[in-house]
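Only the coordinates and a few stated rules stand behind these numbers; no lab work does. Note that the structure is a prediction, hence the values are computed from the model and not measured. Cβ atoms come from the backbone with ideal geometry, glycine included; neighbour counts cover every protein chain shown.
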Amino acid sequence: MDTQDRKYKIKETFNAAAAGYDKPALRFFKHAAEHLAQRMGFSGTERVLDVATGTGAVALACARRLGAGHVTGIDLSEGMLAQARAKAAAEKLGNLTLQCMDLEALDLGADTFDAACCGFGIFFLPDMEAGLKIIAQHVKPGAAIGITSFTGEVMEPLSQKFLDRIQSYDAPFPPLSWKRLDTPEKLHALYRAAGLEQPLIYTEQVGYPLTGFDEWWDLVWHSGFRVLVSQLAPDDLARFTAAHREEIEALADSDGIELNVNVLIAVGCKPIR
Ligand SMILES: C[S@@+](CC[C@H](N)C(=O)[O-])C[C@H]1O[C@@H](n2cnc3c(N)ncnc32)[C@H](O)[C@@H]1O
């Protein structure tokens, strides 16, 4: 797949997922964003860049902490940004600017921002090191850069049941993007390669019980898993859903179906020259 096709696919996927991205089943994004914003240790006056801002989970969590500061959120997907704008307006957050931009072509000025964040976005880039270097160019020396990713066992055993079943169909199976950044060691190596100080890495469990299969399906349908199920022909999709419902419902206990979402939060600084 060439660069333009890849970007078109990302935009198309997130434009389609945007309306459901903030459904209750996916509230771990909001929980993880709160942890990241808290770990950034803002004083309240910073100008912050939020890359791959999506529907604004991280940007809003930062903006709420920046009484005298400002957040610039950028994303490839207009659909995701429209949701972010609506949420910012509903909260009357006036210290947040949202723009449709590609991180790989970002040019908002060298050494402009006091800090930068990227929630669950860096692993979509073909060259993660180049992407982190672009973020680093945009912040001042000494500024903190915080990113989040998922640990390898995220959403297991539900995700593994989903993947095992989808692999039994004759559909192309692209590698899972977050697996490129699913351990503290990989995060350390990425920061080192981008010339940043070694990050502090935090692990947070931001999961919860889902009420049933329908909430799991909300999650599948409004996340990267959507690409995999949307390849199935209507008959196959109906067969897939019925069999998958049965195996997921078998995991339920009196609290519901446990969703394990173990996330990694890395916060490291651009060196002071
Ligand atoms: C999983 S969402 C994360 C959204 C948000 N940061 C959060 O924590 O909920 C990933 C986002 O990365 C964006 N994205 C992927 N590649 C990008 C790029 N090259 N430039 C800007 N945004 C990109 C997608 O459009 C999508 O909105």
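Note on GLU104/GLU258: beta-carbon distance plugged into 1/(1 + (r/R0)^6) with R0 of 35 Å gives a FRET efficiency of 0.40. Oblate is the label for segment 1-147. Its Cα gyration tensor axes, ordered a ≥ b ≥ c, give a/c of at least 1.5 and b/c at or above a/b. Between ALA250 and THR3, the contour length at 0.36 nm per residue exceeds the Cα-Cα span by 84.8 nm. Please give the helix 78-90 orientation as an angle from the longest Cα principal axis of the chain, in degrees from 0 to 90, rounded to the nearest 10. Once rounded, one gets 70 degrees. How high is the FRET efficiency from ARG165 to ASN15, r the C-beta distance, R0 25 Å, rounded to 0.05? For R0 = 25 Å, the calculated efficiency reads 0.40. Compared with the direct C-alpha span, the chain from ALA193 to THR241 gains 13.1 nm at full extension, assuming 0.36 nm per residue. Here the calculated FRET efficiency for GLN205 and LYS140, from their Cβ-Cβ distance with R0 = 30 Å, stands at 0.35, rounded to the nearest 0.05.
Applying the Karplus relation 6.51 cos²θ - 1.76 cosθ + 1.60 with θ = phi - 60° to segment 93-106 yields 3J(HN,Hα) values of 8, x, 9, 9, 10, 10, 9, 7, 8, 9, 3, 5, 10, 5 Hz, where x marks Gly and Pro. Close amide-amide hydrogen proximity is noted between LEU210 and ILE257, GLU258, LEU259, each under 5 Å apart and 5 or more residues distant or on a separate chain (H modeled in the peptide plane; Pro and chain starts excluded).
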